Every structure is written in C-alpha cells, then in structure tokens.
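All remarks here apply to the structure that follows.
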Amino acid sequence: MDTFRRNACPSLAAPMRTGDGWLARLPPLVAPMTPAMLAELSAAADRHGNGLLEISKRGNLQLRGLAEDGAGGLAADLEEAGFDLAEGIPISLDPLATLAGIDAAPIVHDLHRRIQDAGVETRLAPKFTILLDFGSPLAPQGLSADLRLAFRGDRVAIGLGGDDARAANWIGWVARTAAIDAALAILGTLAAHGPGARLRGPGGLAGNPAIASTVAGLFDGAVPPANGAAGTTIGPIAGYDVSVQGIAFAFGQSHADALRKLAATASREGLAAFAPAPERVLLLAGEPDAVAATVSVAARLGFITEPNDTRRFIAACIGSEGCASGRMAARHMAEAAAGAIASLLDGSLTLHLSGCAKGCAHPEPAKITLVGVDNGAGLVLDGRARDAPVGIAPASVLLGGLGRLAAMAATRAPGTTARAAVDSMERAGILGAVTGETAGDDDDRGESRNDPRDARLSA
Ligand code: SF4
C-alpha cells in the first residue's frame with residue numbers, strides 16, 4: 001500500500017494509514033450517483049471498512065477503517081456498482097455537470113490518458129490538482145488548483161494556480177480542440193522544473209512567463225467570470241433543470257447505515273441523483289417532490305438540512321470511540337457542544353474537537369480547538385490540533401468551560417459575531433473561561449506558560 005508518492009493525498013491506489021485503519025479517498029466523481037449506487041457505496045463501506053464515510057472539504061468521498069489490503073476489493077465493488085474511478089491526478093469538476101447537459105467524462109478520460117501516456121504524473125508534485133469549469137452553477141471555482149480549464153463555447157480559458165478562480169493567473173484562451181494539448185504542454189514544462197514544482201501556493205510558478213510561452217495557439221480575451229465561491233450550500237441551489245438541494249453529514253461523517261436508509265428513501269421517491277460537493281456537502285437532485293421527501297427523511301436520520309445548524313460549525317473526528325489514536329471522545333463531545341454552546345456557533349468561527357493531535361477532521365487552523373492528549377485535553381487558540389495548547393485539563397472541564405465562553409459571547413452587542421466577541425477578549429480571559437480558573441489559581445501557571453505542552457490548569 002505504501003507504493004504511492006510521499007505526501008500524496010490518500011487514494012484508492014494508495015490509502016493512508018490512520019488511527020482507525022486505512023483511509024481511501026475516491027477520485028472526484030465524473031458523474032453523480034444514483035440511489036442504487038449510494039446504497040452499494042454504503043454496503044462497500046461496511047464490507048471493506050468500519051462503515052464510516054466522509055466527504056472531504058474539496059468534495060471527495062472517503063471511506064475509513066479499511067484493512068491494509070482492503071482498497072483493491074473496494075475499488076472492484078465500486079466499479080461493478082457503476083462508479084467511474086479514474087485514478088491519476090485529481091480532476092475536480094461540477095459533480096452535477098451531466099444534469100446541466102455537459103458531457104464531462106470524455107474530457108476527463110482523455111486528459112487522464114494523455115497525462116499517463118506522457119509519463120508526466122510522477123514528475124509533478126504529489127498534490128498537483130486540475131480543475132475543470134464548464135460554467136455550470138456548481139463549477140468549483142472556489143477551490144484551489146494548479147491548472148484551471150474554463151470551457152466556454154468553442155474556447156477554453158487557461159488559468160494557472162490560485163486559491164480560487166479570481167486569484168488565478170489567466171494567461172489566455174485556446175480553441176476547445178487544443179485544450180488538452182495546452183494542458184499537456186504546461187504540465188511537461190512544469191515537470192521540467194523538478195518534482196516539487198507547483199503552479200499554486202507559496203513558490204508556485206503561476207506567474208512564470210516560460211509556462212505560458214509553451215502553449216501553442218494562445219490568444220487574449222477577458223477572464224471568464226467567477227463567482228468566487230465553492231458554490232455549494234445547505235438548502236436549494238438554483239440553475240439546473242431539476243431541483244437541487246444540499247445537505248451535509250453531521251460533523252462531516254456519516255455511518256453507512258444512515259446512508260443506506262437515505263438511499264432507500266431516495267429510490268422509493270424517485271430521486272435522480274446524489275453527488276458529493278465541496279464544503280462536505282451531499283447534493284440531492286431530481287423532481288422537486290422527490291428532493292423534498294428525501295430531504296425530510298435526511299433530517300430525521302440526523303443529516304444537516306438547515307444552513308444555520310450549529311453542527312455545521314463544529315469539526316470533530318470519531319475520537320476515542322472509534323479510533324485507536326483517540327485520547328478524547330471528540331464526536332460525543334461535539335454532539336453535546338452543538339446544543340450547549342449555540343451562541344458561539346453562529347458560523348463566524350470553527351470549533352474543532354480532535355481525538356488526537358493529528359487533526360483529521362480539520363487540518364486547517366480553527367479559532368478554538370480541544371485536542372485529546374495523554375493527560376486530558378488541550379486548548380488551542382487560533383491554531384491546528386498539532387499546535388501547542390495554551391492549557392490542558394480534563395476534557396469534561398474544557399467542554400463545560402466552552403459553555404462559560406458561550407455565555408460570555410452571548411452578551412455581545414447585536415450584529416456582532418461570535419468570532420468578533422472572542423477576538424475582543426484577552427487570551428487570559430478565554431483561558432480562564434474555558435478552564436474555569438483565573439490567573440493565580442495555580443502556582444504552576446507561570447511554569448505552564450513557559451512550556452504549554454506541560455500545562456495542567458485543572459486536573
Ligand atoms: S484525529 Fe481523530 S480520527 Fe484522526 S487519528 Fe486522531 S483520533 Fe483518529
């Protein structure tokens with residue numbers, strides 16, 4: 001299983017070892033899933049893994065708890081169920097493009113085949129990504145990418161790098177028939193800069209004129225309009241011939257059993273399609289009555305169906321209740337926190353509850369993180385789970401302390417966000433609220449500040 005390149009994202013070809021077994025991420029879906037395919041996916045998650053399924057922040061499905069040699073059987077089962085599992089450089093696109101009358105599959109397959117024939121993939125950075133934008137409502141323009149191809153009529157605009165479409169370097173247009181040649185020319189030139197070369201991110205070569213100069217037939221034109229958003233939200237999404245609505249997994253994760261029940265309802269109601277999308281959204285598409293009936297059952301099954309659901313603003317892994325690395329029951333705490341600290345969860349900040357310092361559920365920094373450590377739980381402010389905590393206490397104490405912080409945040413002026421309220425507090429005040437202690441309560445406090453990893457404010 002360790003056959004893939006170092007630092008590459010987990011995939012079916014090269015799953016990643018985690019605390020609860022191996023994690024395999026499916027490639028971006030080229031076409032949506034039918035209810036029958038969702039049912040097969042759920043069955044496969046049980047058969048090959050521990051039954052837990054997730055949608056990543058970029059909108060890709062992943063299954064947890066696989067055996068070390070489990071991904072091969074998983075891939076075979078999914079292919080038999082009708083999944084189009086093109087391995088290779090991830091190519092992100094609107095998962096509902098086919099519902100907008102766009103046949104993206106031939107382009108994706110052609111691109112993969114040409115990249116493979118050129119032998120260029122292994123000479124590119126492990127996390128290199130390509131994004132296709134067909135101008136459909138859910139074109140993932142808000143995602144970061146190394147190479148962007150924006151299809152508009154018989155022309156294709158080429159964008160290099162960028163954390164979203166607006167930040168990319170749009171170098172010009174080519175005829176649609178020349179788009180894949182242009183992409184290959186860019187990839188080949190980039191590969192010549194070494195295996196770590198990227199077009200996006202710090203040190204990215206998006207602005208290097210040598211990259212653009214390799215594209216034959218490039219002509220100028222206005223940059224294609226970008227909405228600048230990932231485009232996926234909870235609730236109705238306009239712009240398709242059918243009704244489309246986004247829901248989400250509570251805390252980014254679902255158990256196969258709930259998905260199987262959702263798939264059964266969808267099948268009974270005649271829903272046309274499901275698709276994972278950025279921001280961990282699951283899209284439902286079909287006739288309005290079928291979508292409404294399925295969403296109604298989704299709410300009863302515990303899926304998030306309302307945009308202001310407080311669970312949406314908590315990132316939590318399964319923690320010690322399902323992962324060998326877990327030092328804290330993160331998911332259990334998240335369920336308790338979602339109801340208890342609603343005034344803090346207004347969407348302006350993320351609360352991250354992580355079973356251990358790996359931070360699987362939210363690799364990015366969060367405003368407030370509680371992370372399981374050997375002697376309790378750590379409080380991290382404006383950081384990642386792996387960062388040094390400013391205090392350590394029993395998890396139950398910190399969870400109760402979040403209630404105190406929420407009560408303080410609730411007294412903020414109307415129109416002020418929870419984030420602004422927390423930001424206006426002194427760090428010592430936050431620490432005191434969450435740990436229930438004030439400066440001077442503990443003679444070890446000064447020592448703890450010098451070495452936050454050893455801090456134990458209340459034990
Ligand atoms: S962050 Fe959570 S899921 Fe990831 S290894 Fe730690 S406990 Fe397990």
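The values are calculated or read from the model by the stated rules, or taken from the named source; none is laboratory data. Everything numeric in this text was worked out from a predicted model, so none of it was measured. Here Cβ is always computed from backbone atoms with ideal geometry, including for glycine, and neighbour counts include all displayed protein chains.
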I'd like to know if the stretch 158-181 contains one or more residues that are in contact with a helix residue (DSSP H, G or I) (Cβ under 6 Å, 6 or more places away or on another chain), buried (at least 18 other Cβ atoms within 10 Å of the Cβ) and either in a helix (DSSP H, G or I) or at positive phi (or both).
yes
Filter result for G59 (surrounded by fewer than 24 Cβ atoms within 10 Å (Cβ to Cβ) and touching a strand residue (DSSP E or B) at 6+ places or on another chain (Cβ under 6 Å))
no
Among residues belonging to the stretch 356-375 that are more than 15 Å from the ligand (Cβ to nearest atom) and crowded, with 18+ Cβ neighbours inside 10 Å, point out the one that is nearest to A324 (Cα to Cα).
I368
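Mind listing whichever residues of the stretch 9-22 are in contact with a strand residue (DSSP E or B) (Cβ under 6 Å, 6 or more places away or on another chain) and touching a residue at least 60 places away in the same chain (Cβ under 8 Å)? Can you show your working first?
Taking the stretch 9-22 first, the residues in contact with a strand residue (DSSP E or B) (Cβ under 6 Å, 6 or more places away or on another chain) are 10-12, 15-16, 20-22.
Scanning the stretch 9-22 gives S11, L12, D20.
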Report whether or not L353 is of a type in the set (A, V, I, L, M), away from the ligand (no atom under 15 Å from the Cβ), surrounded by 24 or more Cβ atoms within 10 Å (Cβ to Cβ) and not assigned by TED's automatic domain parsing to the domain that holds H255.
no
Is it true that some residue in the stretch 63-82 is part of a loop (DSSP other than H, G, I, E, B), of a type in the set (A, V, I, L, M, F, W, C) and in contact (Cβ under 8 Å) with a residue 24 or more places away in the chain?
yes
List pairs: first residue in the stretch 422-434 and modelled with pLDDT under 85, second residue loosely packed, with under 15 Cβ neighbours inside 10 Å and part of a helix (DSSP H, G or I) anywhere in the structure, Cβ distance under 8 angstrom, at least six positions apart or on different chains.
none
Matching entry among D117, D163 (being out of contact with any Cys (no Cβ under 8 Å at 6 or more places or on another chain), assigned by TED's automatic domain parsing to the domain that holds A216 and over 28 Å from L96 (Cβ atoms)):
D117
Please specify each residue of the stretch 301-326 satisfying the condition of being in a helix (DSSP H, G or I) and within 16 Å of the ligand (Cβ to nearest atom).
G319, S320, E321
With respect to D103, is the statement that it is within 17 Å of the chain's Cα centre (by Cα), of a type outside the set (S, T, N, Q), in a loop (DSSP other than H, G, I, E, B) and more than 16 Å from the ligand (Cβ to nearest atom) true?
no
